Each structure stands twice: as structure tokens, then as C-alpha cells.
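The values are calculated or read from the model by the stated rules, or taken from the named source; none is laboratory data. Just so we're clear, the structure is a prediction, and the values are computed from it rather than from any experiment. Cβ placement follows ideal geometry from the backbone for every residue including glycine, while neighbour counts extend to all protein chains displayed. Only protein heavy atoms, including side chains, enter the accessible area calculation; ligands, DNA and RNA are left aside. Shrake-Rupley method; radii C 1.70, N 1.55, O 1.52, S 1.80 Å.
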Amino acid sequence: MPIRINPSILAADFVNFERELNSIPTADLVHVDVMDNHFVPNLTFGLQMVKRLQEVSPLPLDVHLMIDDPDRFAPGYAEVGASFVTFHAEATQEPVALARTLRSLGAHAGIALKPGTDVTGYLDHIDEFDQILIMTVEPGFGGQRFQESVMPKLRTVADVVRERGLDVWLQVDGGINEKTIVIAAEAGADTFVAGSSIFATGDPAEQVTRLRETATAHSHAH
Ligand code: DX5
Ligand code: ZN
């Protein structure tokens, strides 16, 4: 099972994004946290910024939408070329319809669940998504502590994906570092977002490689 490491540019230097994007050639995708100050109490950037990041990024974009009304706003991110567009389950009424729209626009569709959100209602439709994002912190800010209490939910999803032989990426986001990535890999995650533990180090590219090696050593084959 391939392991992907997606650095979150929330922890990068906001006035030097082009340089920061070029500092992680060892990464798989670039994780872009869009926050609207409504769904979460923090504001980052929107469609115009993501459009420009897409133009200059050597890596595909993994857009994480922490916004209200993704049914209305998410398709725009697919239209500007994001590889993955992940919206929050708590913010949409029609997750399957939105995923189908995103796929029809050429993007991979992802659904994100906050730590307290039950996954049960989504398991029957899991093949409608290319990625399930299991949040390991409350969305809104980088630098928070990994919540190990979310691991049973991750294991539940990993079991369903394996039993049905699906190609759905299982992403974790929040508090991922060299220690917590072991816990998440053992619980079945294959795609890891990390912000502060990558960009706060002197050598982000090397840190990506180190995280991937650690996760690979602790992951189970699907
Ligand atoms: C939090 C964001 C994360 C954040 C992770 O709401 O979704 O992507 O950047 O940052 P770290 O790795 O510092 O917890
Ligand atoms: Zn994120």
C-alpha cells in the first residue's frame, strides 16, 4: 500500500508560497487549508489564491475545504484544477451529489469528518469518494495535539475499505509527527497531512522522507 505525505502550507510562510512549494519535492501532494471564518473560527485564503497556487505548484493540490455551503463553493476548486477537493460532512446536505459533481469536473472527491462526527452513515456510500479525511484535531488551527481517541473510527473505515477492496485513500490531518504517524499508520491511514512537523524544521524535504519511511514501516498492506 503506497504511503502519501501531504505537507500543509498552513504552516508555511504565507508571503513566500512559491519558495515553500519548491521546498518539498519529496512530497506527494500539497495540502491547502481553505477556511472561511464561519465553518471554523479562522480565515486563510479562497478560490483566487488556490487558482494561483495551482498555477505555480510543481505538485498536485489536495484542497481541504473548511467552509460552509460546500455544495455551492466546492466545484470552483475542481474547476481551477485541484487534484483532490475534500469538503466537510458536517457542512453539506448532499455529500454524494457533491462528490459526483466534483468527479464530473475531473477532480478526486474527498469527505472530511471532525473528531466527533460518526462515520456510520457514510459507509454505504464510501465508493462515491476517493478520499476519507479523518480529522485528528478540531479543524481550524495548526499546531494542535493529535487525538488518539479517533483511531477506532479510522480502523472502522479501514476495515470497510479493505473488505470491499476499494481504492479510497484514508487521510489523517492534525498533530501528525514522527510519533503520532506510527499510531495512525497502524490504525490504517495511508495518507498523512503534516504542517508544523514539516515546515517548522530546517529541512522540510528530508522531514517528508523521514515521515514516509516511518509510516511505511508501520502500515499494514490493504
Ligand atoms: C487544521 C488543518 C490542518 C493543519 C495541520 O484545521 O486542517 O491541515 O494544517 O497542522 P498540524 O500538522 O500543525 O497539526
Ligand atoms: Zn487540513
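A few comments on the model shown:
- Among the residues of region 116-126, none qualifies, meaning not one is under 13 Å from the mean Cα position of the chain (by Cα) and either at pLDDT 95 or above or within 30 Å of ILE24 (Cα to Cα) (or both).
- Among the residues making up region 74-95, those that are among the hydrophobic types (A, V, I, L, M, F, W, C) and away from ligand 2 (no atom under 16 Å from the Cβ) are ALA78, VAL80.
- Residues of region 92-119 that are touching a strand residue (DSSP E or B) at 6+ places or on another chain (Cβ under 8 Å), of a type in the set (Gly, Ala, Ser) and more than 17 Å from PHE192 (Cα to Cα): ALA99, ALA107.
- Pair list, Cβ < 6 Å and 6+ apart or interchain, from region 71-90 residues that are more than 20 Å from TYR122 (Cβ to Cβ) to residues that are of a type in the set (Lys, Arg): VAL80/LYS51
- Pairs, first charged (D, E, K, R) in region 2-18, second open to solvent by 10 Å² or more (accessible area, probe 1.4 Å) and more than 11 Å from ligand 2 (Cβ to nearest atom), C-beta under 6 Å, six or more apart: ARG4/ASP28; ASP13/GLU20; GLU18/VAL56
- Among the residues of region 150-173, just one is under 14 Å from LYS114 (Cα atoms), open to solvent by 10 Å² or more (accessible area, probe 1.4 Å) and within 16 Å of ligand 1 (Cβ to nearest atom), namely ASP173.
- Residues in region 186-215 that are surrounded by fewer than 22 Cβ atoms within 10 Å (Cβ to Cβ) and of a type in the set (A, V, I, L, M): ALA200, ALA205.
- If the condition is being crowded, with 20+ Cβ neighbours inside 10 Å and part of a helix (DSSP H, G or I), then region 99-112 contributes ALA99, LEU102.
- PHE146 vs. criteria within 12 Å of ligand 1 (Cβ to nearest atom), more than 21 Å from SER83 (Cα to Cα) and surrounded by fewer than 16 Cβ atoms within 10 Å (Cβ to Cβ): no
- Checklist (1) at pLDDT 95 or above; (2) over 16 Å from the mean Cα position of the chain (by Cα); (3) under 19 Å from GLN171 (Cα atoms) applied to MET1, failing item: (1)
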